[in-house]
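Data block below; observations after.
What follows draws every value from the coordinates through simple rules; no lab data is involved. Source: prediction; values computed, not measured. Quick reminder, even Gly has a Cβ in these numbers, built from the backbone with ideal geometry, and neighbours come from all protein chains shown.
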Amino acid sequence: MKNAPYSRRIMTNIYNFADLSEMGLEPCAYSMTFNVTGDKLNAILNQRSQDVLVANNWNVAQYAVLVHMFAQVSGLVPGQLVHMISDAHIYDRHEPIVRELIERPQYPAPKFRMNPDVKNFYDFTLDDFAFEDYQAGPQVKKIPVAV
């Protein structure tokens, strides 16, 4: 991204195929493709499967932050994140929880802040990230997850 930002070959395979046989659950997200339009870094995340209740918010947040990180260290600004999910599902046992969450009050989105001084991807630490004005309802605990 730093050396050839307009290349159409900026992609990664997230799977480490040699390790798949040792995993209890194979990774759901499997690839990202990046492209630069003007000064914006855009990304497409491909995911084979997703338990919407358990993983959707986490997947969107983690890969959106990753796009911000890559953009910053490449001298770009974050663009769009497109998230392609082949099999997004809500399990029957999750339906009551999802219905409860849908009925809850909605809050304004928090502001995401990242330390603008970090120029090397591997120099980021947890202290370089913050969410301001974050509001949330009570945490849902003990969600049944199949592995």
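Give me the number: length gained by fully extending residue 3 to residue 131, i.e. 0.36 nm times residue separation minus the C-alpha to C-alpha distance, one decimal in nm.
Result for the pair: 43.0 nm of gain on full extension.
With labels modelled as points extended 7 Å from the Cα through the Cβ direction, what inter-label distance (nm, one decimal) is found for residue 88 paired with residue 58?
About 1.8 nm, to one decimal.
Let me check against my output: what whole-number percent is the relative contact order of the stretch 11-132, with C-alpha pairs under 8 Å and at least 6 apart?
21 percent.
Trypsin sites (Lys or Arg not before Pro), restricted to the stretch 59-147: which are DSSP loop and have at most 14 other Cβ atoms within 10 Å?
In loop regions of the stretch 59-147 (DSSP not H, G, I, E or B), the sparsely surrounded trypsin sites (Lys or Arg not before Pro) are 119, 141, 142.
Candidates [x] -0.98, -1.37; [y] -0.72, -1.34; [z] -0.81, -1.34; which is the computed log10 I(q)/I(0) by the Debye sum over Cα atoms at q = 0.15, 0.21 Å⁻¹?
Recomputing log10 I(q)/I(0) by the Debye sum over Cα atoms at q = 0.15, 0.21 Å⁻¹ here picks out [x].
Read phi for every residue in the stretch 12-26 and hand back ³J(HN,Hα) as whole Hz from Karplus 6.51 cos²θ - 1.76 cosθ + 1.60, θ = phi - 60°, with x for Gly and Pro.
9, 9, 7, 6, 10, 4, 5, 9, 4, 5, 8, 8, x, 9, 5
Which whole-number percent gives the relative contact order of the stretch 22-89, counting Cα pairs below 8 Å spaced six or more residues apart?
RCO, the stretch 22-89: 39 percent.
With a/c under 1.5 counting as rounded, go ahead and sort the stretch 9-63 into rounded, prolate or oblate using the C-alpha gyration tensor (a ≥ b ≥ c being the square roots of the eigenvalues; past the cut-off, prolate if a/b is larger than b/c, else oblate).
Because a/c hits 1.5 or more and a/b fails to exceed b/c, the stretch 9-63 counts as oblate.
With +1 on each Lys and Arg Cβ and -1 on each Asp and Glu Cβ, how big is the dipole of the chain about its Cα centre, in debye rounded to the nearest 20? Present the calculation step by step, with values, prior to reporting the outcome.
On the way: 13 positive and 16 negative charges, 72 e Å.
Taking the Cα centre of the chain as origin, the dipole is about 340 debye.
Looking only at the stretch 11-132, where both bridge partners belong to it, what percent of the DSSP beta bridges are antiparallel (to the nearest 5)?
60 percent
Note down the nm distance, to one decimal, between modelled labels 7 Å out along Cα→Cβ at residue 26 and at residue 12.
With each label placed 7 Å out from Cα toward Cβ, I get 2.1 nm.
When the helix-only estimate is applied to the chain (DSSP H runs of n ≥ 4, each -39,500 (n - 2.57), divided by the residue count), what is the mean residue ellipticity at 222 nm, nearest 500 deg cm²/dmol? Could you put the intermediate results ahead of the total?
Numbers: 2 runs with 31 residues, N = 147.
Computed ellipticity for the chain at 222 nm equals -7000 deg cm²/dmol.
Would you mind calculating the relative contact order of the stretch 97-141 from Cα pairs under 8 angstrom and at least 6 residues apart, reporting the percent as a whole number?
46 percent
Applying the Karplus parametrisation 6.51 cos²θ - 1.76 cosθ + 1.60 with θ = phi - 60° to the phi angles of the stretch 44-49, what ³J(HN,Hα) value in whole Hz is obtained for each residue in order, glycine and proline being reported as x?
10, 9, 9, 9, 6, 7
Mind checking the angle between helix 52-73 and the chain's longest principal axis? C-alpha axes, 0 to 90 degrees, to the nearest 10.
Orientation of helix 52-73: about 10 degrees from the principal axis.
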